Each structure stands twice: as C-alpha cells, then as structure tokens.
Ligand SMILES: *Cc1c(COP(=O)(O)O)cnc(C)c1O
C-alpha cells in the first residue's frame, strides 16, 4: 500500500475500518473465551469517550501535563488500596502486563546488583506455569531462568523444588495469582517465607487475578493471601485491561515501597537533548488509556465490580460442572478463579477446538509442555454470562463429533522425521517441508488449526519457538504497493 495522493473522506475510511473487522472474532456476542474482557456497552462507551478525550495528551512530561500525573497517582492509589499495600507502597501505570513484568524484573535485577553482588549471573526462579512474559523479560534483560516444576495435579509451584533450586546466583522468584494457563494460585505465603529467608525479591504476577480475586473472596471463594499483606512480597503486577474492564493498554506495577521502585526508573542527561526521565518503557505515552482506566474504575465502583464478579463466578461454576459431566473431558485442576483448562485422553483436543470454532465459539488450545498435557483453556468473562447452556450443548456435540474422527498422528510422524534437528539450523525450507507433510497448504492466516497445533505439540519447545518466529516473520510483510 502507498499513502494516497489525495486524502480520503473520513466517513469512507471509518467505513473501511469497520468492514475490515468482519473477519475478527465477534467478541461482543459472548462466544469468545479469551482476549477480551467485556464490562458491557455502557462501560465501553464511557471508556471510548475518556480515551479519545485524552488521546493526544502526552504522559512523557508530568510538568507539562500535570493532569496525567494526577490520573496516574489516583489509579495507583486505587490499586494499592485494593491489594493492601501499606502507606509506603508505590507503583506506576503501564501499557500492559508484559510491560509491568519487564519493569519488575528490571527493578529486581538492578536491585540485586546492589544487594546481591555475588550473583554474577542473575537468575530468576520461575515456575513452569509462569507467564511467557517472564521469559521475554529474561531475554530482553539478560537474566537467566531456572525453571521450577509444579505439582502434577495441583499445577501449583512445588515449594520443596523451589527451596532446593536456590543458590547465590538467584535474585528473584515469581509466583502467579493465579496462573493464566490453569487458573490456580501459587502458595505465595510459603514462597514469601523462602524469599525472606534467602533475601530474594518476590514478584507476584497478579496480572489476570490481582483485580478480580478480592471480589471472589467477598463472594465466598477461598482465596489464599497473595497481596502486600504477605510480608516478603516485593512487587505485584496487575492488569486493568483484563478483569477491571478498562481498554487495552492498562496495567499497574506496584512495589512494597519506593526504595524498590527506584530501580525501575530511567534517567539520562548524557545526550544533547532534553534531560529524560521515564518511569516506564514507553517515553511518549498517550493519556488515553490512563484517562479511560481512571473513568472505568470510578464508574463501576465496588458494587459494579462485585456484580460483574458474581456473573463470572456463576459462569465458571456452571462450566466446571458441565465439563466434569462430560466423560471424555478432564479438568486439569479446580480453578481458583475464572480460568480453567481441560484435556482428554480419548479425543483430539485440537480438533475439538476447531469444531467449537465451527459452532461459533472461540476456545484456546494450549500445547503440552514437558509432562504437562495439552489442553483447552477458557478465560471466562461477564460477556459469557447466560450462555452456559448453549456452550455446553455445543461442547457435548463437538466431543461426540471428535470421537468419530480417527486420532491424527501426523504431528508425531513429522516430529519423528525431523527429530534431532538443531533449532538454529531450521530455516524456511524446513518449515515449508513440515507444513507440506502436515497437509498444510499456502501461507497467510490458517483457517483450521488442529494440524498445526498437533505438529507443534509433537516438537520440542525450542523448535516450536523457532518455527513460530519463521512463520510470523513471513506473516508481517508490507502490503504491496
Ligand atoms: C495477561 C497476562 C500477562 C501478560 O499481560 P499482557 O497484558 O498480555 O501483556 C502476564 N501474566 C498473566 C498471568 C496474564 O494473564
């Protein structure tokens, strides 16, 4: 595409933008279990107004836009109170969970340079269930990862294994409240005791659960302590663009005190331009997400959030019961919140995901890793409320349909054919060869995913990552002029 010689009319362009969305998932109908968190049309309308009102204000410089400093401090104030931070707790507004996590890992690394100088190879103790964003942080920040197993049935971090893995290179441990994949909360109190004993930084990833769990607790759920009430918790990430129903680009990273947050900040006066000081990764930063988050938090209020949480809890319980009643399916762990994962040893779970898509539902396939099985993940949100019965009816029908299809072993065959391949040596030709063997034609976005998922599932994780990079490298190509 080229920039048009003469600009097009606003209406034409807005129509075109709208038309492009026809291929996207119709998330407003509540048939999507992931990616979107629907607080309702009224919340959406308010968020859009507040967002566009502040779209052009720039949070780069709080002395020029003091309104944004105020909004950020207000939001962090609400977040800190929500998670029982003391009077010393501080934090910042970020663009999302990944940025919050990057910043927390960076703060922990720079803190360790001062406080744990023996750690020449700074290492993070990371449960295998921790979000991939920590691997991203490790890669970006050159922090090593020591993976920690989780219980085979609980999917919570194995505290004995965690203890055994600690040495003088460790700087940081991570717990999830809850984990994304299986929706269970790590034993944060036990982890915090270990962190204190060994002088380690403990980050709690409350990206998906930090905001919702306090409401689940009020609704009677048994929620183990995970927040700043637990001595030893150094920092917490909590997304607002998930269960706080704020538009995307909204998260907070919180610290027990400003001594710890200091290590997050960036300042530079060693260039010819204006002296730069940034709290976050972004420098120029739209006020839109902040203004929208500020408005949504204050519009819904405690009663609004509690009602939405009630719906989420109701739907989760109904789906758990419905899935338990399908003999072919096994719930991997009882969910602590509103995220669940199930698998099957009788039918092809990846085929099941496609068959649900045929019926107009989006469910998320997750690949197996080490001995942890492949599964289908559901993130339940208020948009799904009321659709429990039709969803379960379609799930039963899709399971019956999948039963009739012979198990596809193409993935395992291809994986065997390419076994022992050095991931670094894999190139586009290897990728094309694999795809051809799997019967996958052409490029661009795939329609059916079962074959691709089966193939990836049969390969070691490093090879998967390599293939995915090659695939995406070919996907993001400029539209021809
Ligand atoms: C969503 C999520 C993240 C990453 O957040 P993004 O907003 O997608 O960058 C991290 N941890 C958990 C548990 C999450 O659910």
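The values are calculated or read from the model by the stated rules, or taken from the named source; none is laboratory data. Because the structure is a prediction, the values reported are computed rather than measured. Ideal geometry is used to build each Cβ from the backbone, glycine not excepted, and the neighbour counts take in all protein chains shown.
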Task: Selected residue (criterion: surrounded by the most Cβ atoms within 10 Å (Cβ to Cβ)) from residues of the range 86-104 that are out of contact with any helix residue (DSSP H, G or I) (no Cβ under 8 Å at 6 or more places or on another chain) and in contact (Cβ under 8 Å) with a residue 24 or more places away in the chain - done: 100
Open item on the list: Every residue in the range 127-136 that is more than 10 Å from residue 203 (Cβ to Cβ) and either in contact with a helix residue (DSSP H, G or I) (Cβ under 9 Å, 6 or more places away or on another chain) or within 12 Å of the ligand (Cβ to nearest atom) (or both), please.
Closed with: 127, 129, 131, 132, 133, 135, 136
Open item on the list: Condition (residue is touching a strand residue (DSSP E or B) at 6+ places or on another chain (Cβ under 8 Å) and within 16 Å of the ligand (Cβ to nearest atom)) applied to the range 219-226: is it met by at least one residue?
Closed with: yes
- [ ] Would you be able to tell me the number of residues in the range 398-434 that are in contact (Cβ under 8 Å) with a residue 40 or more places away in the chain, in a helix (DSSP H, G or I) and farther than 17 Å from residue 457 by Cα?
- [x] 7
Task: Members of the range 358-394 found to be surrounded by fewer than 21 Cβ atoms within 10 Å (Cβ to Cβ), in contact with a helix residue (DSSP H, G or I) (Cβ under 6 Å, 6 or more places away or on another chain) and within 14 Å of residue 33 (Cα to Cα), listed by number - done: 359, 385, 388, 392
Open item on the list: Checking the condition at pLDDT below 95, closer than 28 Å to residue 386 by Cβ, in a helix (DSSP H, G or I) and more than 16 Å from the ligand (Cβ to nearest atom), which residue from 49, 28 passes?
Closed with: 28
- [ ] Please state which one of 146, 163, 196, 229 is more than 16 Å from the chain's Cα centre (by Cα), more than 18 Å from residue 125 (Cα to Cα) and away from the ligand (no atom under 15 Å from the Cβ).
- [x] 229
Task: Residue in the range 325-332 that is out of contact with any helix residue (DSSP H, G or I) (no Cβ under 7 Å at 6 or more places or on another chain), part of a loop (DSSP other than H, G, I, E, B) and either at pLDDT below 95 or under 28 Å from residue 210 (Cβ atoms) (or both) present - done: yes
Open item on the list: Of everything in the range 242-266, what is over 11 Å from residue 89 (Cβ atoms), assigned to a helix (DSSP H, G or I) and out of contact with any helix residue (DSSP H, G or I) (no Cβ under 7 Å at 6 or more places or on another chain)? Give them in sequence order.
Closed with: 259, 262
Task: All positions within the range 267-296 that are without any contact (Cβ under 8 Å) to a residue 60 or more places away in the chain and in a loop (DSSP other than H, G, I, E, B) - done: 269, 270, 271, 272, 273, 274, 275
- [ ] Only one of these is more than 29 Å from residue 74 (Cβ to Cβ) and surrounded by 23 or more Cβ atoms within 10 Å (Cβ to Cβ): 112, 137, 161. Name it.
- [x] 112
- [ ] Starting from residues that are touching a strand residue (DSSP E or B) at 6+ places or on another chain (Cβ under 7 Å) and assigned to a loop (DSSP other than H, G, I, E, B), keep the ones in the range 148-165 and report whichever is farthest from residue 376 (Cα to Cα).
- [x] 158
Task: residue 184 surrounded by 22 or more Cβ atoms within 10 Å (Cβ to Cβ), within 16 Å of the ligand (Cβ to nearest atom) and either at pLDDT below 95 or assigned to a strand (DSSP E or B) (or both) - done: no
Open item on the list: Looking at 191, 238 in this structure, which one is over 28 Å from residue 73 (Cβ atoms) and within 16 Å of the ligand (Cβ to nearest atom)?
Closed with: 191
